[in-house]
Amino acid sequence: MRKKPSMALLSATTAVLISATVAFAQTSSRVTVASPSGNTPQNHQNEPAVAIDALSPKTLVAGTNDFVDQEACPQQLAVNNGTCLDRATGVGLSGDYFSFDSGRSWIQPTYSGWTNADCDPTTLCKGHPGPIHTLPWYFENQLVSFGDPAVAVGPVPSSNGKFSWGNGQRVYYGNLTPAFSTTVEFSFPNPVFHGFVGVAVSRLDNPTAATVANKNNWKAPVIVSSTTGETSFLDKEQIWADNASSSGFFGNVYICANDFRSNAAHQNGNSPTPMMVYSSTDGGTTWTKRQVTSAVTNGISPQNGFGYSGCTVRTDSHGVIYLFAERFAFPSTLPTHCAQVMFKSFDGGIHWTSGSVIASVTDPCYFVDPIEGRCVMDGYSGARTSSTRWTADPAGAIRRRFPGPVTVPSIRRPRSRRTVHALTLSMRRTRRPGAATTSHRRGPTMACSAA
C-alpha cells in the first residue's frame, strides 16, 4: 500500500504447485457485488487476490482493496485537496468475496463495523458503527483492515493439533493493519501492537453461503508481525497454506512480506528492507518470524543490488517452500532492470537457501515522475508502470493457449530432481483465453506481465 520507490515491485504471478484443474471462463462475472455503480471512491477496487479451495474446487475466496465503506467524494476534499479520500477515518479497505460455483456468481457479505459510507458528502465525516462490506472484527479490536489482500485455503487442525481435510477447510485472509484512528492515518508510536504498520490474518472455517454471511464465524484478527520493530512498515505480504497431505509440513501456513524499516521514510535506493517469512504450525493462532535477506542499506550493496521487493510463497507436494522475490539492479540508467530470485526452505521455513536467479527482467520504465518518484509509462504525471515487467524464459519453456479447461499434472519426483509445474495466466492485450507455462528447472517460471 505504501508509495514505493520508482523501481516498485514485481506483479506477483500465481504459481500453482499442486494438482489442479483450471477453467478459463469465456464470460465475466462481477465479484464486487456490493459496490455502488456511480459513487467515487466507493466504486473503486484494486490489488485483487483469489484462492481456490483444493478440497472443494468450486469454492473460491477473493479479496481486494475495496473502498465500498468510504464516504462518497467529500466536497471539501475534492475542492481543497484534489482528492476524494480522507485517509484518517479508520474505515477498512479489505473487501472479502466468496463463490461456490467456480466463480460464476459471488457473495460479498455485509457485517457490522466502522463506516462512513452513508455520510453526507457535503460534510467531512469520520465515521460511525454501521454495516460494512469488508473484513469484520478490526474496529472492535482497535485495528483497521488496510488492504493488500492475500488469501489461501488449508485444512483445519483438530483439538490435538493434527491437520486433516476431514476436519474441514480454513480460509486465511492476510492484510496490512495499522492502529485504529480518526485523526491520523498511522499512529506512532502504535498504541495497539508493536510495529508501525503490521500484517494481520483473519480466519474462517468451512465456508458456505450461510457461514460466510455470519460475522461470528470469523475469528478475531491475529497480528502476525507482533515482534517487529516499532518503526517497521510491513508491506506486500503474500500467504500460502501447505495443502498437500503428502507433505511433512501439511497444514503449515506461510506469509512473506517486506519489512520497510524506519517508518519506510528512507529515500529511494536507501531503504533497509529485509524479506521476512512468518510460519504458523497451529492454524494461524501463533507465528514464528524468519529473516531471509539482509537488512543492509540496499542501495549500496553489491550483493542485494537495489534491494528485494515483492514476494510470492508456495510449497510443493513434499513440503519444500519456494519464496520468490524481485531483486533490482542499481538504477543507473533507464530503463531499469531486475532479476527474479528464488529461495528455498526444506524444514518448514526455519532455514533458507541463498537466492538463485531465475530470470533477468527489463522494466518498461522510461520516465520517472519527479513528484512521486515512480516509473510512468507516458511522461511526467502519467500512468504508473509499477506492476509491469517483461522477461523471456532462457530455457525456452513452452507457452501455449488453451480454448477450454486445462489440467495441470500432479507433481512427481523423478530420479534426481523434482518437477514443479507452474500455471500462469496470460495478461497480454489479446483475446486469448489464457496461457500456461511449465518449467522443469529449479522452480516455477515466473513471467512478469501487465497487471
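Structure notes:
Listed here are the residues, each with its yes/no results for (1) farther than 16 Å from Val31 by Cα; (2) surrounded by 18 or more Cβ atoms within 10 Å (Cβ to Cβ); (3) in contact with a His (Cβ under 9 Å, 6 or more places away or on another chain); (4) acidic (Asp, Glu).
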{"position": "Gly82", "(1), (2), (3), (4)": "yes, no, no, no"}
{"position": "Trp106", "(1), (2), (3), (4)": "no, yes, no, no"}
{"position": "Leu124", "(1), (2), (3), (4)": "yes, no, no, no"}
{"position": "Pro129", "(1), (2), (3), (4)": "yes, no, no, no"}
{"position": "Tyr138", "(1), (2), (3), (4)": "yes, yes, no, no"}
{"position": "Leu143", "(1), (2), (3), (4)": "yes, yes, no, no"}
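- Residue ID - modelled with the highest pLDDT, chosen from residues in region 15-52 that are β-branched (Val, Ile, Thr) and surrounded by fewer than 16 Cβ atoms within 10 Å (Cβ to Cβ): Val33
- Residue in region 116-130 that is outside any loop (DSSP other than H, G, I, E, B), modelled with pLDDT of 95 or more and under 20 Å from Pro207 (Cβ atoms) present: no
- Positions within region 310-340 being buried (at least 23 other Cβ atoms within 10 Å of the Cβ), over 22 Å from Gly251 (Cα atoms) and at pLDDT 80 or above, in sequence order: Gly310, Ala325, Glu326, Arg327, Cys338, Gln340
- Among residues of region 187-220, those that are touching a residue at least 60 places away in the same chain (Cβ under 8 Å), outside any strand (DSSP E or B) and not basic (Lys, Arg), counted: 8
- Within region 80-113, the set of residues being free of Cβ contacts under 8 Å to residues at least 24 places away in the same chain and either in contact with a helix residue (DSSP H, G or I) (Cβ under 8 Å, 6 or more places away or on another chain) or among the acidic types (Asp, Glu) (or both) comprises Thr83 only.
- Checking Ser181, Ser164 one by one, the residue that is surrounded by fewer than 23 Cβ atoms within 10 Å (Cβ to Cβ), over 20 Å from the mean Cα position of the chain (by Cα), of a type in the set (Gly, Ala, Ser) and not in a strand (DSSP E or B) is Ser181 and no other.
- Checking region 221-240 against the condition returns no match, with no residue being assigned to a helix (DSSP H, G or I) and either out of contact with any strand residue (DSSP E or B) (no Cβ under 6 Å at 6 or more places or on another chain) or at pLDDT 95 or above (or both).
The values are calculated or read from the model by the stated rules, or taken from the named source; none is laboratory data. Predicted, not measured: the structure shown is a model, and the values here were computed from it. Ideal geometry is used to build each Cβ from the backbone, glycine not excepted, and the neighbour counts take in all protein chains shown.
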